[in-house]
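Participant: Dropping the structure in here first, questions after.
The values are calculated or read from the model by the stated rules, or taken from the named source; none is laboratory data. Note that the structure is a prediction, hence the values are computed from the model and not measured. In this analysis, Cβ positions are derived from the backbone assuming ideal geometry, glycine residues included, and neighbour counts consider all displayed protein chains. Surface accessibility is based on the protein's heavy atoms, side chains included, excluding ligands, DNA and RNA. Shrake-Rupley method; radii C 1.70, N 1.55, O 1.52, S 1.80 Å.
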Amino acid sequence: MIYDINSIRSYFPILGRSVYGKPLVYLDNAATSQTPRPVVDRIDEMYYAHKANVHRGVHCLSQEATDAMELGREAARRFINAPSTDEVIFTRGTTEGLNLVASSYGQLLEPGDEVILTVMEHHSNIVPWQLLASRRGIVIKVVPCLSDGSLDLDAYRELFTDRTRVVSVCHASNVLGTVNPVAQMSRIAHEHGAVICIDGAQGVPHIRVDVQAIGCDFYIFSSHKMYGPTGVGILYGRRELLDRMPPYQGGGEMIGHVSFDGTTWAELPYKFEAGTPDYVGAAAFTRAVEWIDSIGIDAIAAHEHKLLEHTTRRMIDEIDGIRIFGSAPGKCAVISFLIDRAHHYDTGMLLDKLGFAVRTGHHCAQPLMQSLGIEGTVRASFAAYNTIDEADRFIDALKRIAPLLDA
Ligand code: 7TS
């Protein structure tokens, strides 16, 4: 099947705009992807025609909004091949999902229990565990990286002790692009009686995810990084664990019965969905999954891989003094780099003036930056709609600004 890039781009009006009089080249997809028309149209439709609070009204509109949200849950279930929608919880995003697991599953841990993280984690998969450590006296251990940015699996194996209870690891690094062997890591965690939580924020937009094939206990991601609306995230958790976990937040809709003598919880997944959810976002999320499915996640991955290879090769061949961080085999389409001793911010600012949106800084991965001995990088990250022509113009722009940075 032909990868019809013009048709794909036509879904994204924003790609036609300019910045500072230059055509926009959007290469900040790891931060957030752009949103195709069917998703935005669905948001409009929900507000114009179906807005009512969910799960609580007898009236028609409330039923429509509830049905639309529940279709979003089913789309999420299908997208990651979760066994049941009872195991699919809507959150505000990856950050909230990780906080939910650390906070709620964390209450089942005892002082001295150990949690394994990796050096390449985003702060949202570090800080919630640190908060737990200060509340419950758990111990955090950290898997280092090898020089190509892949995880040191020998070190991972060696970190397990009879106190290891949880592993929490990103599916893919937002800085290095490294795709971690999460199925293998899940097997190892389970051999040691630990549960494994996967931060899939950078996984789902690029990799076909099957939580049953991976064998993980939790899988967490954000809609806004996969062409969906902001403010919506998904947490998949194995039923048997979710059943044992206390609620994360209390409020409406998460209860069975409330009295001042004691309160019982709602069934899954509602036990973890206190208050009015972003049902508009949940409904529009369905359209994001459908849009990805209409192209095929494998076709998107293959296209992004081409962009990654092409851009990386040209950068290495043509930009003097370029340093790329992360070259693990099978990495996803994220290129973090520095040019000579130029400050990442200066490079990013000059690129911006030429119409290229990239991210600069520590990318919410300060421990990783420390381990690399740098303060930050410039990061270009690709999505389904980026083109080889954009990649070429990006290289040309880098060649143009490199001498300015040297000065
Ligand atoms: N985990 C990873 C691996 C991420 O890349 C991000 C966001 C998050 C968690 C948090 O996701 P959120 O949707 O809850 O904010 N990463 C980035 C980034 O790389 N640039 O901006 C946000």
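Participant: In Å², what does the accessible area per residue of the chain work out to with a 1.4 Å probe?
Facilitator: Values: 16990 Å² over 407 residues.
Accessible area per residue: 42 Å².
Participant: Taking all protein chains in place and a 1.4 Å probe, what share, in percent, of the accessible surface of the range 77-166 do carbon and sulfur account for?
Facilitator: Values: 1730 of 3560 Å².
Carbon and sulfur: 49 percent of the exposed surface of the range 77-166.
Participant: Under 15 Å from the Cβ of G112, count the other residues' Cβ atoms, weight Lys and Arg +1, Asp and Glu -1, and hand me the total.
Facilitator: Details: positive: R135, R136, K141, R163, R165; negative: E110, D113, E114, D162.
Combined, the nearby Lys, Arg, Asp and Glu give +1.
Participant: What are the semi-axes of the equivalent ellipsoid of the range 177-247, taken as the square roots of 5 times the eigenvalues of the Cα gyration tensor, listed largest first and rounded to whole Å?
Facilitator: Numbers: eigenvalues 94, 58, 14 Å².
For the range 177-247, the ellipsoid semi-axes come out as 22, 17, 8 Å.
Participant: Which translational diffusion coefficient, to the nearest whole µm²/s, is obtained for the chain from the Stokes-Einstein equation, given a Kirkwood hydrodynamic radius over C-alpha pairs, 37 °C and 0.692 mPa s?
Facilitator: Numbers: Rh = 22.2 Å.
This corresponds to a translational diffusion coefficient of 148 µm²/s.
Participant: What's the local net charge at A284, with K and R +1, D and E -1, over the other residues with C-beta under 10 Å away? If you can, show how the numbers build up before the last one.
Facilitator: Working: positive: R42, R287; negative: D41, D44, E45, D278.
So the surrounding residues net to -2.
Participant: Still on this structure, please answer the following. Tell me the chymotrypsin sites (Phe, Trp or Tyr not before Pro) within the range 221-320 that lie in a loop according to DSSP and have at most 12 other beta-carbon atoms within 10 Å.
Facilitator: Passing sites in the range 221-320 are F260.
Participant: Rank F394, F382, F218 by mean-square fluctuation in a GNM of the chain with C-alpha springs under 10 angstrom and give only the top-ranked residue.
Facilitator: Residue with maximal mean-square fluctuation among F394, F382, F218: F394.
Participant: Okay, moving on. Just to make sure I understand: if all protein chains stay in place, what is the order of I295, I388, I2 by accessible area at 1.4 Å, largest first?
Facilitator: Working: I295 30, I388 65, I2 150 Å².
So, going from the largest accessible area down, we get I2, I388, I295.
Participant: Specify which residue in the list F160, L132, S18 is farthest towards the positive end of the charge dipole of the chain, using unit charges on the beta carbon of Lys, Arg (+1) and Asp, Glu (-1), about the Cα centre.
Facilitator: Projecting each Cα onto the dipole axis, the largest value belongs to S18.
Participant: Charges at C-beta only: +1 for Lys and Arg, -1 for Asp and Glu. How large is the resulting dipole of the range 264-389 about its Cα centre, in Debye rounded to 20?
Facilitator: Values: 11 positive and 16 negative charges, 49 e Å.
Approximately 240 debye in magnitude.
Participant: Collect residues whose amide H, placed 1.01 Å from N in the peptide plane, falls under 5 Å from the amide H of V167; neighbours closer than 5 in sequence don't count.
Facilitator: When sequence neighbours closer than 5 places are left aside, the close amide H contacts are I116, V195, I196, C197.
Participant: Reachable lysines from K306, Cα under 29 Å, same-chain residues fewer than 8 places away excluded?
Facilitator: The reachable lysines, counting only those whose Cα sits under 29 Å from K306, are K22, K225, K331, K353, K399.
Participant: Ignoring ligands and nucleic acids, what accessible area does V232 show with a 1.4 Å probe (Å², nearest 10)?
Facilitator: V232 exposes around 0 Å² with every protein chain in place.
Participant: Something else now. Among T263, T360, T66, which one shows the highest mean-square fluctuation when the chain is modelled as a Gaussian network with alpha-carbon springs under 10 Å?
Facilitator: Between T263, T360, T66, it is T263 that shows the largest mean-square fluctuation.
Participant: A follow-up question, please. So which trypsin sites (Lys or Arg not before Pro) in the range 307-407 end up in coil per DSSP with only 10 or fewer other C-beta atoms within 10 Å?
Facilitator: Details: sites: R313, R314, R323, K331, R341, K353, R359, R379, R393, K399, R400; in loops: K331, R341.
Answer by residue number: R341.
Participant: With θ taken as phi - 60° and the coefficients 6.51, -1.76 and 1.60, list the Karplus ³J(HN,Hα) couplings across the range 346-360 in order, rounded to whole Hz; mark glycine and proline as x.
Facilitator: For the range 346-360, the Karplus-derived couplings read 4, 4, x, 5, 5, 4, 4, 5, 9, x, 9, 8, 10, 9, 10 Hz, x marking Gly and Pro.
Participant: Short version: what are the Cα gyration tensor semi-axes of the range 1-56, square root of 5 times each eigenvalue, largest first, in whole Å?
Facilitator: Values: eigenvalues 170, 48, 28 Å².
They are 29, 16, 12 Å, listed from largest to smallest.
Participant: Show that you can apply the helix-only estimate: for the chain, add -39,500 (n - 2.57) for every DSSP H stretch of four or more residues, divide by all residues, and state [θ] at 222 nm to the nearest 500. Could you put the intermediate results ahead of the total?
Facilitator: Numbers: 14 runs with 163 residues, N = 407.
The helix contribution divided over the chain gives -12500 deg cm²/dmol.
Participant: Below 8 Å, C-alpha to C-alpha, sequence gap of six or more: please give me the relative contact order for the chain in percent.
Facilitator: Working: 803 pairs, mean separation 92.2, N = 407.
The normalised contact order for the chain reaches 23 percent.
Participant: Count neighbours as other Cβ atoms within 10 Å of each site's Cβ, and list the trypsin sites (Lys or Arg not before Pro) in the range 167-272 that are DSSP loop with at most 12 such neighbours. List each step's numbers first, then the result.
Facilitator: Working: sites: R187, R208, K225, R238, R239, R244, K271; in loops: R208, R238.
Those that pass, being in a loop and sparsely packed, number zero.
Participant: Once you've got the GNM for the chain with C-alpha springs shorter than 10 Å, pick whichever of T230, T264, T311 has the biggest mean-square fluctuation.
Facilitator: Result for the chain, Cα springs under 10 Å: T264 fluctuates most.
Participant: With the calculation restricted to Cα positions, what are the radius of gyration and Dmax of the range 121-272 in angstrom?
Facilitator: Here Rg and the maximum Cα pair distance are 17.0, 58 Å.
Participant: Rounding to the nearest 10 and keeping the result within 0 to 90°, find how far the Cα-based axis of helix 60-80 lies from the longest principal axis of the chain.
Facilitator: Between the helix axis and the principal axis of the chain, the angle is about 60 degrees.
Participant: Let me make sure I get this right: for the range 1-124, a, b and c are the square roots of the gyration tensor eigenvalues over alpha carbons, sorted descending. Under 1.5 in a/c it's rounded, otherwise prolate if a/b > b/c, else oblate. Which is it? Let's see the in-between values first.
Facilitator: Working: a/c = 2.24, a/b = 1.20, b/c = 1.86.
Cα axes put the range 1-124 in the oblate bin.
Participant: Sorted by accessible area with a 1.4 angstrom probe, largest first, how do V139, V334 fall?
Facilitator: Details: V139 60, V334 0 Å².
Heavy-atom accessible area, descending, gives V139, V334.
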